[in-house]
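Worksheet: one structure, shown below.
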């Protein structure tokens with residue numbers, strides 16, 4: 001089951017989301033990337049070459065942290081669309097970058113010419129319609145004994161908003177997110193080894209339904225099979241905001257609207273290829289006698 005495509009994802013909708021060119025990464029993505037980058041302190045191996053997968057959504061500010069950690073490493077940025085590469089290049093050269101001076105080597109765009117030691121993917125996997133195929137693509141790019149670091153959303157994400165939709169009798173607002181145990185199985189199926197998975201829950205609060213919805217637009221789209229067909233009117237939008245204002249306030253947060261995000265972190269290594277072992281073998285009678293400690297009788 002874990003090696004199959006997520007049954008709740010509409011591949012066409014997922015592809016449309018992939019083709020959008022983001023202006024910048026959401027705050028949550030940058031924060032998750034910062035926390036994931038801190039985990040690299042436990043990795044002894046320093047990559048000579050690494051890939052940043054989908055850096056515009058993954059976080060260019062976090063990219064500065066990675067470049068500072070590996071200043072002598074060659075970096076390749078892989079993006080789904082050429083327009084995204086142009087936007088990433090423009091963002092790196094823009095004035096805000098002076099707050100975190102670029103100290104890394106020249107960034108190269110596109111797939112690397114050879115295997116890399118580190119594949120870095122932040123908050124991309126959960127929007128893929130075929131995560132095993134994506135993992136297999138990563139595995140092909142990673143060198144023997146190289147490793148993958150990734151993060152994505154888990155099943156508890158937006159549980160409060162899901163309850164609002166269920167209470168209104170509407171189709172759910174997101175597809176089903178894969179849990180970390182299935183993700184570990186997928187990594188093995190894709191060709192990685194020794195997967196290590198863990199998770200944390202991050203709670204965000206908002207002052208209004210409008211600010212909440214604005215943040216969600218940057219985080220993703222509803223790519224669920226069976227979602228609302230067609231556009232919904234102002235009446236539905238008003239009904240949604242009223243339901244959110246009624247159901248989401250958290251007294252412990254001063255009445256601010258609360259949303260939960262389950263963040264899954266994972267890393268895995270690329271194992272050495274297994275040697276093929278023949279199902280048949282043969283040895284001579286003399287070799288067998290020697291192995292059994294038998295002496296051949298001399299003929300007189």
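We did not get these values from a lab; they are worked out from the coordinates using the rules stated. Keep in mind that what you see is a predicted model, and the values were worked out from it rather than measured. As a convention, Cβ positions derive from the backbone with ideal geometry for all residues, glycine included, and neighbour counts pool all protein chains shown.
Order of 30-39, 114-123 by packing, highest average Cβ count within 10 Å first? Walk me through the numbers on the way to the answer.
Values: 30-39: 18.8, 114-123: 22.7.
Per-residue Cβ counts within 10 Å, averaged per peptide and sorted highest first, yield 114-123, 30-39.
What ranking do 58-71, 195-208 get when scored by the average of other Cβ atoms within 10 Å per residue, highest first? Don't skip to the answer; put the middle values down first.
Numbers: 58-71: 20.7, 195-208: 14.6.
With the highest mean Cβ count within 10 Å placed first, the list reads 58-71, 195-208.
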How do 261-274, 125-138 rank on mean C-beta neighbours within 10 Å, highest first?
125-138, 261-274
Cα centroid separation, the stretch 177-195 to the stretch 140-170 (Å):
13
What are the extents of the Cα atoms of the stretch 118-234 along their three principal axes, listed from largest to smallest and rounded to whole Å?
54, 29, 22
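Report Rg/Rh for the stretch 11-274, rounded to two decimals, where Rg is the Cα radius of gyration and Rh the Kirkwood radius. Each step should come with its number before you reach the end.
Values: Rg = 19.3 Å, Rh = 19.6 Å.
On the Cα set of the stretch 11-274, Rg over Rh gives 0.98.
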